[in-house]
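Working notes, beginning with the structure itself.
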Amino acid sequence: MPPFAARRPTYDNAVGELTLPALDTQSFAAEVAEGLRRTPRQLPSKYFYDALGSSLFDAICHLPWYRVTRAESSLIARYAAAIVEPFAQPMSIAELGCGNGEKLEILLQASGAAVRRIHLIDISAKALEAAAVRVEQYAGDGLLVCEGTYEQGLARLAASRRPNQPILCLFLGSNIGNFDPPAGRELLKVIRRSLREGDGLLLGSDLVKPERDLVLAYDDPLGVTAAFNRNLLRRINDELGGTFDLDAFSHRAVWNRLAGRVESHLISDRRQSVQVAAADLELTLEAGESIWTESSYKYEAAGIVDEGIAAGFSAAQQWVEQDARFALTRFSV
Ligand code: AVJ
């Protein structure tokens with residue numbers, strides 16, 4: 001039996017298996033149809049993370065030009081003890097969008113905290129398997145794995161928490177940056193409402209920095225980010241019967257200073273028609289027309305603190321990596 005399958009029984013059966021409406025093929029098709037009919041055309045970035053997309057993202061994290069992951073990992077390694085210091089132990093740790101679990105493992109190892117239960121929440125089954133294998137040894141009181149959206153994971157977290165253990169919820173990697181500011185605010189409120197007094201949130205966010213650094217981070221010379229972006233079209237072809245010609249789209253990253261975000265686009269190199277069978281969609285793209293696939297909002301360090309307090313958290317402590325410009329902020333409930 002593969003290691004992950006053997007650990008499946010650690011799912012919390014009392015809560016039951018949730019159905020995952022945001023992740024099934026029908027919802028994927030509906031969101032693709034809705035986004036591609038919009039002006040400007042758009043696709044939701046949460047669908048990047050199929051097995052290949054998750055592997056490409058792992059590769060991005062090793063690129064010299066994408067410093068988010070390394071900056072955050074070094075902050076966590078250095079300040080691990082301070083990060084967990086306010087929480088009564090033994091405690092639980094939950095991570096929204098845990099990816100491969102590397103940063104959580106660093107926190108568990110470097111903090112030496114008595115962590116009994118671990119909740120992993122991610123939209124990618126492949127990432128969850130990797131994370132589960134990594135941190136299982138630290139979860140003396142069970143590892144709960146939730147393949148789903150943040151909202152689904154938070155609902156399960158609130159319903160399945162251990163009575164006398166505070167929860168530190170991790171929301172790292174600047175994943176908050178994929179939400180436009182009103183949606184980000186709303187998500188922070190949902191996180192806050194899923195937690196209780198004595199709990200905390202550790203939020204990792206990338207900061208505004210010079211434009212050339214931002215553009216290189218999202219349009220790297222090796223073309224890995226371009227492949228990550230184009231893989232969304234490949235996924236639509238494979239899962240929804242799409243006819244995208246992957247060679248006919250160029251990756252473009254632009255810093256939109258006024259909006260405070262890096263935008264990732266796929267630009268149609270020529271006028272072309274595309275069908276997506278499962279979405280019942282036929283569209284014609286003009287030469288130079290863009291499909292906007294991702295926003296990566298960048299924050300000011302003080303702005304992040306304000307957002308957490310506005311969402312109802314009571315206090316904040318912040319650690320900043322000044323060189324790469326990345327902030328880790330811990331909020332108390
Ligand atoms: C995982 C959403 C934080 O926006 O920086 C990396 C994804 N996209 N390179 C980001 C990503 C292109 C990443 N997040």
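Each value in this text was obtained by applying a stated rule to the coordinates, not by laboratory testing. Treat the numbers as computed from the prediction; the structure is a model and nothing was measured. Backbone-built Cβ (ideal geometry, glycine too); neighbour counts: all protein chains shown.
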Subject >> Cut-off 15 Å between beta-carbons: net charge of the residues surrounding residue 72, Lys and Arg +1, Asp and Glu -1 >> reply: +1
**OP:** Note the per residue figure in Å³ for the convex hull of the C-alpha positions in the stretch 230-314.
**Re:** 137
**OP:** Could you check what % of the DSSP bridge pairs in the chain are antiparallel, to the nearest 5?
**Re:** 60
**OP:** Please list 116-123, 207-214 highest first by mean number of surrounding beta-carbon atoms within 10 Å per residue.
**Re:** 116-123, 207-214
Subject >> Summed side-chain charge close to residue 194 - residues other than residue 194 whose Cβ falls under 10 Å, Lys, Arg +1, Asp, Glu -1 >> reply: +4
Subject >> Total formal charge among the other residues, if their Cβ is under 12 angstrom from that of residue 263, Lys/Arg +1 and Asp/Glu -1 >> reply: +1
Original post:
Which whole-angstrom value gives the distance between the alpha carbon centres of the stretch 279-333 and the stretch 65-96?
Top reply: 18
**OP:** Could you tell me which of the pairs 126/298; 189/298; 103/126; 46/126 are separated by over 24 angstrom between their Cα atoms in the structure shown?
**Re:** 126/298
**OP:** Can you tell me which of 127-133, 72-78, 178-184 comes out highest on packing, and rank the rest after it, using the mean Cβ neighbours within 10 Å?
**Re:** 127-133, 72-78, 178-184
Subject >> Helical mean residue ellipticity (222 nm; -39500 (n - 2.57) per DSSP H run of 4+; nearest 500) of the chain >> reply: -11500 deg cm²/dmol
Subject >> Evaluated over the stretch 165-252, the Cα radius of gyration and Dmax, each in Å >> reply: 18.1, 53
Subject >> Peptide ranges 278-284, 79-85 listed from the most packed, as the mean C-beta count within 10 angstrom indicates >> reply: 79-85, 278-284
**OP:** Based on alpha-carbon positions alone, could you give the equivalent ellipsoid semi-axes of the stretch 197-245 from the gyration tensor, as √(5λ), descending, whole Å?
**Re:** 31, 22, 7
Subject >> Selected from 201, 43, 284, residue furthest toward positive end of dipole (the chain; charges at beta carbon) >> reply: 201
Original post:
Hey, what did the stretch 280-333 get for relative contact order, percent, Cα under 8 Å, at least 6 apart?
Top reply: 26
Subject >> Average projection area in nm² (convex hull over Cα atoms of the stretch 63-168, one quarter of hull surface) >> reply: 6.7
**OP:** Could you grab the relative contact order for the chain? Cα pairs under 8 Å, six or more apart, rounded to a whole percent.
**Re:** 20
Subject >> the stretch 102-174 - percent relative contact order, Cα under 8 Å, separation 6 or more >> reply: 31
Original post:
Which trypsin sites (Lys or Arg not before Pro) from the stretch 224-333 combine a DSSP loop assignment with at most 14 other Cβ atoms within 10 Å?
Top reply: 257, 270, 271
**OP:** Kindly identify the stretch 118-182 as rounded, prolate or oblate by the Cα gyration tensor criterion: order the square roots of the eigenvalues as a ≥ b ≥ c, call it rounded if a/c is under 1.5, otherwise compare a/b with b/c, prolate if a/b is larger, else oblate.
**Re:** oblate
